[in-house]
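Just below is one structure, and these are the notes that go with it.
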Amino acid sequence: MSEPEPLMRLSFDDAEELWAAWAPDSEDLLARAAFDRTLRWALGMEDEGLYFRPGGWIVDLPATVVRLACAAAILAAGFQFAGLDDVDRELVIATAGLVSAMNVRRVRLAAEDRLLVERMRDQSLTDLPVSSKQARRALPRRVRDRTTREQIHDALERLVAAGVADRAPGGEYIVRAAGREAWIRVSLGDPTA
Amino acid sequence: MGGEPQLESGRYQWFGWTVSPTAGGDVSRKRLVETHEYFHRQLDDVTAFGGLVTTFAALAEARPEGTWADVRDRLQAMSDLLHETFAVGMSLLTTQRQLVRIEGYPLYDRFVGIVLRLVGANVHPWVALAALRAAALACMQGPVLALVGSEALERFDPASLERSERPNHRLVTLLSSDFPDAVAAAHERARQTHGREAWWLGSEGVGLTPESMDGEAGARSQDLHQELFGAASSALQAAGASVISLNAHHGDLAALVRRARELVPEGLIRIGALVEAPDAELLHGGALDSQTIPLSAAPRRAAVLPYGSISGLSGEGPSRHGFVTLVRPDRLRDCYELQGAPLPQASAIACLRSTVFDGEERDSVLFVVVEDPNVLRDETVPIYVSLSSSAAAAAPELAAAWMRHADPSRLSVVMDTPATAALRRWCSAGRARFRTATRRVSVAGMDVWIIAGRVEDGARRSALVVMPTTEFGARWFEAASAEDAVLDAAVVVDADLFEQESAHLDVVLNHLLLEEHVVGMGSWRR
């Protein structure tokens with residue numbers, strides 16, 4: 001008998017992150033509704049009807065199911081963006097199963113990236129916008145001296161991809177406090193990357 | 001999560017809603033939750049698109065094996081954004097809250113944002129209420145029923161509805177139209193006209209005063225609603241959508257329901273405004289009649305045994321008694337894990353019901369099937385007979401036999417079917433009066449409101465009518481009793497009723513609240 005697939009946790013906040021990553025500036029209410037509706041349905045969270053529920057939600061499901069549900073939700077929103085609503089839910093799920101170009105794995109951070117996060121957190125440079133220049137100053141002098149602002153910029157971008165930081169207006173970044181990292185960030189790039 | 005306060009939740013399913021009767025907590029939040037569900041139902045009850053969805057929902061319920069549920073769900077997906085926006089906004093406004101995010105309910109922040117975009121952040125709640133209602137009704141009031149009318153229901157495909165006829169699309173159209181400007185202009189005019197009146201100024205914590213919906217202010221609110229419905233209709237029509245006037249869909253809806261009933265010869269149950277009370281606007285939405293209230297005290301396990309194999313009586317010493325219920329076997333199958341004898345094949349059965357204890361623990365519920373009332377004639381303890389109204393409707397002859405047998409002072413009818421229309425019917429004849437009182441009963445961590453009473457006409461008096469509800473339902477019944485002409489004339493509040501009937505109510509309510517898993521006038525579907 002094969003080992004049961006490990007469970008993966010997905011929460012309301014993760015779904016918000018997923019949407020923000022995929023459609024950061026979208027105010028398309030219909031696409032967002034399609035995303036939410038499909039995600040809830042694909043995760044098997046709701047029976048019939050309309051609910052009024054407190055709190056957000058958290059589900060622990062096999063990783064394949066979570067990944068498929070996220071893909072289906074994005075697909076449904078994509079169909080809606082394209083002007084196609086009332087697309088058969090089973091069709092969306094089936095199509096999502098074929099979509100493998102979506103990388104929803106955690107981004108691996110290099111040791112230097114983790115050092116940058118640690119130093120910024122030590123210096124309370126979290127939850128507020130900082131520039132690449134300010135971030136660089138957080139590094140120990142010996143590391144700072146051999147690191148360019150461009151390298152810091154690239155490191156901050158990796159932190160965004162990993163869900164450890166967010167982009168802020170004006171080319172700045174907001175590093176998240178410890179324990180508040182996003183679970184998931186989606187990149188629509190090379191799945192093997 | 002441990003340590004966090006338990007927040008209330010609700011669920012709406014086309015014909016009614018389910019709310020938990022958990023004791024304690026924030027009363028205002030409980031009101032918000034149930035009001036939210038009520039407005040879902042109101043929107044479906046009074047609009048063309050709502051009539052379409054609920055008719056297919058009724059078909060889905062009658063024929064779960066068919067594709068009706070898929071049609072229903074696709075129609076709902078075309079209107080869910082609007083539904084939530086309406087329910088969130090209306091429930092906030094009518095429970096005296098600001099149009100701001102609801103603490104503890106982050107899933108609905110987006111809908112608050114949509115309401116604010118639609119009606120504006122700074123308009124008076126009196127204007128916001130009329131505006132939100134007008135916008136939602138215009139979005140739901142397309143010629144959809146007439147479109148369906150031209151084809152066989154089995155072949156109806158929701159995809160055949162133009163996008164401009166889908167409520168979610170219509171909401172998005174309104175948001176980008178000049179409707180919000182029309183609301184702002186209406187607010188400014190209303191402020192100039194009414195800004196110094198007491199009902200407009202409100203009082204501490206009350207923005208939308210009862211007086212603002214009464215008399216002259218109430219009439220002006222209706223005018224404003226009509227005006228803004230016109231503005232919303234114009235905005236939608238400018239974008240290519242069709243809007244029919246309010247109530248113009250009733251003929252098409254009646255025809256659709258007729259055609260749906262032809263597909264379900266054994267009976268299509270569709271409880272909606274049109275069926276419940278075609279001539280009584282007040283009853284739209286059936287607030288009291290839509291509730292399903294899950295109870296948590298009863299054991300899940302139940303044993304069914306034939307009469308004579310075990311006593312079936314309850315209580316000890318002077319409180320020893322028999323409690324006979326007339327129930328539908330389907331409901332027993334739904335609510336309990338049954339053991340023992342198979343349930344008789346019948347639409348309703350009579351059982352002596354009691355609780356089996358294991359030490360202090362409530363272990364299981366015992367149902368001793370009694371086929372003939374006469375077999376209890378020799379019992380020496382008091383026998384209470386309690387009919388559920390759904391069982392009485394399913395087996396009227398059996399119900400009549402038990403009613404003839406029972407001591408009238410120990411006979412009750414627990415309403416689990418819509419009560420308001422029934423009460424109006426009972427009280428319409430002659431000079432009948434409904435002598436009643438309402439009490440909150442707290443038991444096993446639950447707060448349930450009980451409306452109890454007897455219909456009396458001269459020397460004749462009915463069984464004790466018991467209506468389990470929530471604070472929301474009790475308040476609604478109080479308001480309906482004052483505002484509906486028939487109920488106003490018939491309902492007589494008797495503050496001493498619970499004391500006069502205390503022995504009877506003690507028995508009925510203990511059995512009801514500790515042995516049933518679900519009560520409420522919408523619970524007959526269980």
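The values are calculated or read from the model by the stated rules, or taken from the named source; none is laboratory data. The structure presented is a predicted model; accordingly, all values stated were derived computationally and were not measured. Every residue, glycine as well, gets a Cβ built from its backbone with ideal geometry; the counts of neighbours run over all protein chains shown. Surface accessibility is based on the protein's heavy atoms, side chains included, excluding ligands, DNA and RNA. Shrake-Rupley method; radii C 1.70, N 1.55, O 1.52, S 1.80 Å.
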For B:E151, are the conditions met, namely being within 30 Å of B:R261 (Cβ to Cβ) and within 14 Å of chain A (Cβ to nearest Cβ)? no
Of the residues that make up the stretch B:411-420, is at least one at pLDDT below 90 and either of a type in the set (F, W, Y) or part of a helix (DSSP H, G or I) (or both)? yes
Farther than 25 Å from B:F323 by Cβ and of a type in the set (G, A, S) - does that describe any residue in the stretch B:439-457? no
So, of the residues in the stretch B:130-153 that are of a type outside the set (S, T, N, Q) and free of Cβ contacts under 8 Å to residues at least 60 places away in the same chain, which turns out to be nearest to B:S234 (Cα to Cα)? B:L132
Suppose we filter the stretch A:30-40 for residues that are at the interface with chain B (Cβ under 9 Å from one of its Cβ atoms) and open to solvent by 30 Å² or more (accessible area, probe 1.4 Å); how many remain? 1
Considering residues of the stretch B:478-516 that are among the small types (G, A, S) and open to solvent by less than 30 Å² (accessible area, probe 1.4 Å) only, the residue nearest to B:R433 (Cα to Cα): B:A490
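Could you please let me know if B:G120 is surrounded by fewer than 23 Cβ atoms within 10 Å (Cβ to Cβ), on the phi > 0 side of the Ramachandran plot and more than 14 Å from chain A (Cβ to nearest Cβ)?
Working: surrounded by fewer than 23 Cβ atoms within 10 Å (Cβ to Cβ): yes; on the phi > 0 side of the Ramachandran plot: yes; more than 14 Å from chain A (Cβ to nearest Cβ): yes.
In short, yes.
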Which residue is modelled with the highest pLDDT, if the candidates are limited to the stretch A:73-92 and must be open to solvent by less than 30 Å² (accessible area, probe 1.4 Å) and away from chain B (no Cβ under 14 Å)? A:I74
Among the residues of the stretch A:52-66, are any at pLDDT below 85, open to solvent by 40 Å² or more (accessible area, probe 1.4 Å) and assigned to a helix (DSSP H, G or I)? yes
In the stretch B:264-293, what residues are touching a Gly at 6+ places or on another chain (Cβ under 9 Å) and modelled with pLDDT of 80 or more? B:L288, B:D289, B:S290, B:Q291, B:T292, B:I293
Strands (runs of 3 or more DSSP E) contained in the stretch B:328-371 and holding at least 2 residues under 14 Å from B:A394 (Cβ atoms) and open to solvent by less than 60 Å² (accessible area, probe 1.4 Å): B:349-358
